[in-house]
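Worksheet for the structure shown next.
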Amino acid sequence: MAPNPVTSMKPWFQTIEDVGPELNWGQFFEREQPVEIDIGSGRGLFLLNAALQHPQRNFVGLEIDYREGRRAAERLQKRALPNARVIGGDANRVLDQLIAPGSVDAAHVYFPDPWWKTRHHKRRIFNPEFLDRLTRVIRPGGLLHHWTDVADYFAMVCGLMSGSSTFQLCPPPEEREAENDMDYQTSFERKKRKLGFPIYRAMWQRV
Ligand SMILES: C[S@@+](CC[C@H](N)C(=O)[O-])C[C@H]1O[C@@H](n2cnc3c(N)ncnc32)[C@H](O)[C@@H]1O
């Protein structure tokens, strides 16, 4: 019988249902160490690079598109990375139902879907409820990173964050020359920079 592509990718790719009613990071990862979440992790370039560069930290991508999530997980599985995983499902559900309060060291929100048309802006993932979710799961002292090439999305996020008393704006990371094609924060950063778009970057610390 042909192997089931989903189950054979465990533990690198798991759905919300696989994970169960709550996430215990100590059981989810091989080693208990600080956890960073990548929301809308796409093809997983950030997860891959971050997990290789920081073996003393755990990284988990939350990706609603299972196809993309499996692609990312395949890269992690190929290298048998013990500190990187992908959960397939709606990040809002994972944040609300599975992740314990204050159990996340950093959240990364890179190039979220822009939903260009004004009447579709309400579908943007970064909204006041999403900020509440992040506030709940990020530990005091933890970080929130947001990058995008969409100026009005960035302005909306910065406006929302400036109204939050629980996050403090930090100096943003500077742009640097990529040494090779894998040397970008994410696939979307690579794509947009190659097209010559400016990239907006911000970082906040949970007080
Ligand atoms: C524009 S892509 C960016 C992917 C990646 N962060 C990057 O920079 O290359 C946005 C990603 O967010 C995912 N996404 C959208 N809504 C989501 C949600 N509610 N939960 C999890 N992932 C979501 C999409 O499926 C897509 O892979």
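The values are calculated or read from the model by the stated rules, or taken from the named source; none is laboratory data. This is a predicted model, so every value here is computed, not measured. Positions of Cβ are backbone-derived with ideal geometry, glycine not excepted, and every protein chain shown enters the neighbour counts.
Sort out which residues of segment 20-41 are at negative phi, within 16 Å of the ligand (Cβ to nearest atom) and at pLDDT 95 or above, and write them in order of number.
36, 37, 38, 39, 41
Of these, 161, 182, 203, 156, which one is aliphatic (A, V, I, L, M) and in a loop (DSSP other than H, G, I, E, B)?
182
Filter segment 53-89 down to residues that are buried (at least 22 other Cβ atoms within 10 Å of the Cβ) and β-branched (Val, Ile, Thr) and give me whichever is nearest to residue 107 (Cα to Cα).
60
Quick check on my filter: what residues within segment 143-189 are among the charged types (D, E, K, R) and within 17 Å of residue 124 (Cβ to Cβ)?
Answer for segment 143-189, where residues must be among the charged types (D, E, K, R) and within 17 Å of residue 124 (Cβ to Cβ): 149, 152.
One line per residue, one yes/no per condition, for (1) exposed (fewer than 12 other Cβ atoms within 10 Å of the Cβ); (2) in contact (Cβ under 8 Å) with a residue 60 or more places away in the chain; (3) more than 12 Å from the ligand (Cβ to nearest atom):
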{"residue": "92", "(1), (2), (3)": "no, no, no"}
{"residue": "111", "(1), (2), (3)": "no, yes, no"}
{"residue": "114", "(1), (2), (3)": "no, no, no"}
{"residue": "125", "(1), (2), (3)": "no, yes, no"}
{"residue": "139", "(1), (2), (3)": "no, yes, yes"}
{"residue": "153", "(1), (2), (3)": "no, no, no"}
{"residue": "156", "(1), (2), (3)": "no, no, yes"}
{"residue": "166", "(1), (2), (3)": "no, no, yes"}
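Go through segment 96-117 and count every residue that is modelled with pLDDT under 95 and more than 15 Å from residue 154 (Cα to Cα).
Residues that pass the stated criteria total 1.
Sort through 26, 88 and tell me the only one that's closer than 28 Å to residue 132 by Cβ and touching a Phe, Trp or Tyr at 6+ places or on another chain (Cβ under 9 Å).
Of the residues listed, the single one that is closer than 28 Å to residue 132 by Cβ and touching a Phe, Trp or Tyr at 6+ places or on another chain (Cβ under 9 Å) is 88.
List the pairs whose first member sits in segment 40-60 and is touching a residue at least 40 places away in the same chain (Cβ under 8 Å) and farther than 16 Å from residue 11 by Cβ, whose second member is small (Gly, Ala, Ser) and within 16 Å of the ligand (Cβ to nearest atom), and whose Cβ atoms are under 6 Å apart, counting only residues at least 6 apart or on separate chains?
42/187; 43/72; 43/187; 45/187
Filtering segment 52-68 down to residues that are under 12 Å from the mean Cα position of the chain (by Cα) and near the ligand (Cβ under 8 Å from one of its atoms), which residue is nearest to residue 26 (Cα to Cα)?
62
When you scan segment 127-135, do you find a residue that is at pLDDT 95 or above, among the aromatic types (Phe, Trp, Tyr) and in contact with a Phe, Trp or Tyr (Cβ under 8 Å, 6 or more places away or on another chain), even just one?
Checking segment 127-135: not a single residue is at pLDDT 95 or above, among the aromatic types (Phe, Trp, Tyr) and in contact with a Phe, Trp or Tyr (Cβ under 8 Å, 6 or more places away or on another chain).
Out of segment 185-199, which residues are on the phi < 0 side of the Ramachandran plot and in a loop (DSSP other than H, G, I, E, B)?
Selection gives 185, 186, 195, 197, 198, 199.
Could you please let me know if residue 107 is more than 9 Å from the ligand (Cβ to nearest atom) and either more than 16 Å from the chain's Cα centre (by Cα) or assigned to a loop (DSSP other than H, G, I, E, B) (or both)?
In short, no.
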